[in-house]
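Enquirer: Please see the structure below; I have some questions.
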Amino acid sequence: MDNDVFVGLDIGTTKVTCIIATRGESGGLEVVGVGKCNTIGLKKGVMRNMQNIVESIQTAVKEAELMAGVDVDDVWVGIAGDHIRAFDNDGFVAMTHEDREIRQEDIDRVIESAKTVKIPEEYEQLHVIPQDFQVDNLEGIKQPLGMIGVRLKTTVHIITAQTTSIQNITKCVKDAGLRLNKLVLDHLASSYSVLDKDEKELGVVLVDIGGGTSNIAIYHDDNIRHVSIVKEGGDDVTRDISIVLKTPPTEAEKIKKSHGCAYLPLLPEDDESLMVQMTGGRDDREIKRRLLVEVIEARMDELLGLVKQDIEKSGLISQMGAGVVLTGGGSQMPGMREKAESVFHLPVRIGNPQKIGGLSDMVKAPMFASGVGLCMFGSETAQVGGVHKIGKKKSSGGESGYNNIIKKISSWFSKYF
Ligand SMILES: Nc1ncnc2c1ncn2[C@@H]1O[C@H](COP(=O)(O)OP(=O)(O)OP(=O)(O)O)[C@@H](O)[C@H]1O
Ligand SMILES: [Mg+2]
């Protein structure tokens, strides 16, 4: 497959999405193929029907391939679930060169030292994300290369996943006839496609409300500071509607999407009525829309309340200058922004995938945030490599300092991220 083609494969609770993007002439990403297949293979991030997932992957990939006119062989694949654990770890090294200038090898050593930490046997490191560096007493340094110091310290955010989950997803991808480029945490992928750099600097909570679970990622100072998961999502809303209105789940899902709202104050005074199909073939029944909205709002109060507790537990809530960004299919419900603002007492916006061209209209909805983000993750990882190659070409007459730095960043990026 062309080096400039990036394929994101999002295996969600409700659907598998395959998004094919290419790097356009201006360097930006352009969507050229989209495939989507509903699935029942996962439950709250846990695999329960491998064959179904494999078939869904094949269907989604085929659809995207036909649209794009390319054959997919390697993919960036999302992973999430409540087995994900994340924590910070510090590393320290002393400068060994006489001039005490910090070289790339020192940065490599300090990151290596920070990532050397014992994790439970059944877990594996998924990402090691370097945060700030400290040179002697100087804190908050983003790039210490070339600085002078005696001691270099860094903190890395280590994200781990259960080995069996990694192996199962890897097997599904392989059985579907594809090659896995890298497993990427869903939270991280969504943040690539919906968050601005300014928001990450100022402090932001990203909540990706999927079908089975809601993924939380907190950024501050342009660093990822916290990731976690709440085991509730849009499908819990559907189940509540189905139980309270005594209607089959497929009908509940339809009503939710056509008449749902998460915030009662947005309902007009003259409440409309809806005809709802009953379970067990009983006659349709008329219900007030207000009842539907009360059911949805109660579940959203609980889900967002759990998210709020998690943010409070992280100790970062007072640093969230840019507020909260909601994404994922569950955020497509009308009234979600207003509901979330009333729960968090922070500004809230709905995050659609951005900074993408081509067939972008097909993937502009929040439910595509992680799929688009996976392509972006792939392209940014490879982009540094691309610059690396240009640097190499120019080096025939001696490599410039700039190209040297890019090359170093490139090796650092591909090694640790
Ligand atoms: N317009 C809408 N109004 C309300 N809910 C919606 C709407 N569109 C999608 N949803 C809900 O979004 C959920 C699916 O979201 P998404 O596609 O992000 O999940 P997923 O990635 O398959 O699941 P997960 O991330 O939990 O593994 C479903 O519960 C669906 O009912
Ligand atoms: Mg999802």
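Coordinate-derived values only; no laboratory data. Note that the structure is a prediction, hence the values are computed from the model and not measured. Glycine gets a Cβ as well: all are built from the backbone with ideal geometry, and neighbour counts include every protein chain shown.
Enquirer: Using mean Cβ contacts within 10 Å as the protection proxy, how do 83-89, 203-209, 154-160 order, highest first?
Expert: For the peptides 83-89, 203-209, 154-160, the packing ranking is 203-209, 154-160, 83-89.
Enquirer: Determine the shape class of the range 262-329: with a ≥ b ≥ c the square roots of the Cα gyration tensor eigenvalues, call it rounded for a/c under 1.5, and otherwise prolate if a/b is greater than b/c, oblate otherwise.
Expert: In terms of gyration-tensor shape, prolate.
Enquirer: Next up: Once you order the gyration tensor axes a ≥ b ≥ c over the Cα atoms, which shape class does the range 69-123 get: rounded for a/c under 1.5, otherwise prolate or oblate by comparing a/b with b/c?
Expert: Oblate shape, in that a/c is at least 1.5 and b/c is the bigger or equal ratio.
Enquirer: Distance between Cα centroids, the range 147-176 to the range 203-237: provide it in whole Å.
Expert: 19 Å
Enquirer: A further question on this structure: Mind ranking 365-371, 98-104, 75-81, 236-242 by how tightly packed they are, going by the mean number of other C-beta atoms within 10 angstrom, highest first?
Expert: Those peptides, ordered most packed to least, come out 365-371, 75-81, 236-242, 98-104.
Enquirer: Tell me, 259, 97 in order of fewest to most beta-carbon neighbours within 10 Å?
Expert: Listed from fewest to most nearby Cβ atoms, that is 97, 259.
Enquirer: Taking a label point 7 Å from the Cα of residue 362 along the Cα→Cβ vector, which residues of the range 12-52 have an amide N closer than 13 Å to it?
Expert: 17-22, 30-37
Enquirer: Still on this structure: Within the chain, what percent of beta bridges assigned by DSSP are antiparallel, to the nearest 5?
Expert: Percent antiparallel among DSSP bridges in the chain is about 75.
Enquirer: How far apart, in nanometres, would the label points at residue 124 and residue 90 be if each is projected 7 angstrom from Cα along the Cα-to-Cβ direction?
Expert: Distance between the two pseudo-spin positions: 3.1 nm.
Enquirer: Also, quick follow-up: Taking the Cα centre of the range 179-330 as the origin, how large is its charge dipole in debye, to the nearest 20, when only Lys and Arg (+1) and Asp and Glu (-1) carry charge on their Cβ atoms?
Expert: Dipole magnitude for the range 179-330 comes out near 540 debye.
Enquirer: If you take the alpha carbon radius of gyration of the chain and divide it by 2.2 N^0.38 Å, what ratio comes out, to two decimals?
Expert: My calculation over the Cα atoms of the chain gives 1.07.
Enquirer: Once a ≥ b ≥ c are taken as the square roots of the eigenvalues of the Cα gyration tensor of the range 35-184, is the result rounded (a/c under 1.5), prolate (a/b larger than b/c) or oblate (a/b not larger than b/c)?
Expert: prolate
Enquirer: Report the label-to-label distance for residue 341 and residue 71 in nanometres (one decimal), using points 7 Å from each Cα along the Cα→Cβ vector.
Expert: In this crude label model, residue 341 to residue 71 measures out at 5.2 nm.
Enquirer: Next question. What order do you get for 328-340, 285-297 when each peptide is scored by the mean count of other beta carbon atoms within 10 Å, highest first?
Expert: Ranking the peptides 328-340, 285-297 by packing returns 328-340, 285-297.
Enquirer: Now a separate question. For each pair in 62/246; 153/197; 197/256; 15/171; 153/308; 171/200, compute the distance between the two Cα atoms and list the pairs where it is over 30 Å.
Expert: As for pairs spanning more than 30 Å Cα to Cα, those are 62/246; 197/256; 153/308; 171/200.
Enquirer: Quick query: amide H of residue 29 versus all other amide H atoms, modeled in the peptide plane; which residues come in under 5 Å with a sequence gap of 5 or more or a different chain?
Expert: When sequence neighbours closer than 5 places are left aside, the close amide H contacts are 24, 357.
Enquirer: For the range 234-300, how big is the tail of P(r) above 21 Å, as a whole percent of Cα pairs?
Expert: 16 percent
Enquirer: Name the residues whose placed amide hydrogens come within less than 5 Å of the amide hydrogen of residue 151, ignoring near sequence neighbours (fewer than 5 apart) on the same chain.
Expert: 95, 136
Enquirer: Take 123, 192 and order them by how many other Cβ atoms sit within 10 Å, fewest up front.
Expert: Exposure proxy ranking, most exposed first: 123, 192.
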